[in-house]
Amino acid sequence: MNEAFIVPPGQGRHLDLGNFEAEVLATSTQTAGQFTLLQTQSEPPEFGPSLHLHRDAAEAFFVLEGEYLMFIEEQQTLCPPGTFVYVPRATPHTFKVVSAGPGKKLNLFSPAAMVQYFEELADAVATDSATPELLDEIAARCQVDVLGPVPESYL
């Protein structure tokens, strides 16, 4: 499919990920594989994933609410609302919500990637089967190398 489309506010496909939520705004099918776009939201203070890298895609973030501390390779940068972050393919990175309130951001993957990861994680959360070991399996299927332990706040 390579047709124009519009997603009104709050009308993306909602994924409940336990400690946070994702709204799928653009899929690989909708963009002819060019990119995927998700809005991750309700990320609580101290929330963040394991240090990881994406073997198949670059990732970009645009912070909408809250403050994030981004870790990219050996750098740490405080990112308030309005900050744009680009992470090239195969670059180790992670982030942590450091504001008093929840974080919200746009996540763009190019070429298209990661929707399957969030779908499988949502299924695991829904069946109460999400574990660090399962998260590693999901990541491996989705071309993600997990480089650090899974923080308690993530699952």
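The values are calculated or read from the model by the stated rules, or taken from the named source; none is laboratory data. Bear in mind that the values here come from a model prediction, so they are computed numbers and not experimental data. Note: ideal-geometry Cβ built from the backbone for every residue, glycine included; neighbour counts use all protein chains shown. Note: accessible area is taken over every heavy atom of the protein model, side chains too, but ligands, DNA and RNA are not part of it. Shrake-Rupley method; radii C 1.70, N 1.55, O 1.52, S 1.80 Å.
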All-but-one check, ASP145 against (1) touching a Leu at 6+ places or on another chain (Cβ under 8 Å); (2) closer than 17 Å to ALA26 by Cβ; (3) not polar (S, T, N, Q), failing number (2)
What number goes with the only condition from (1) in contact with a strand residue (DSSP E or B) (Cβ under 6 Å, 6 or more places away or on another chain); (2) surrounded by 20 or more Cβ atoms within 10 Å (Cβ to Cβ) that PRO92 does not pass? (2)
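Let's see how each residue does on (1) closer than 23 Å to LEU155 by Cβ; (2) open to solvent by 60 Å² or more (accessible area, probe 1.4 Å); (3) over 12 Å from the mean Cα position of the chain (by Cα):
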residue	(1), (2), (3)
PHE84	no, yes, yes
LYS104	yes, no, no
THR127	yes, yes, yes
ILE138	yes, no, yes
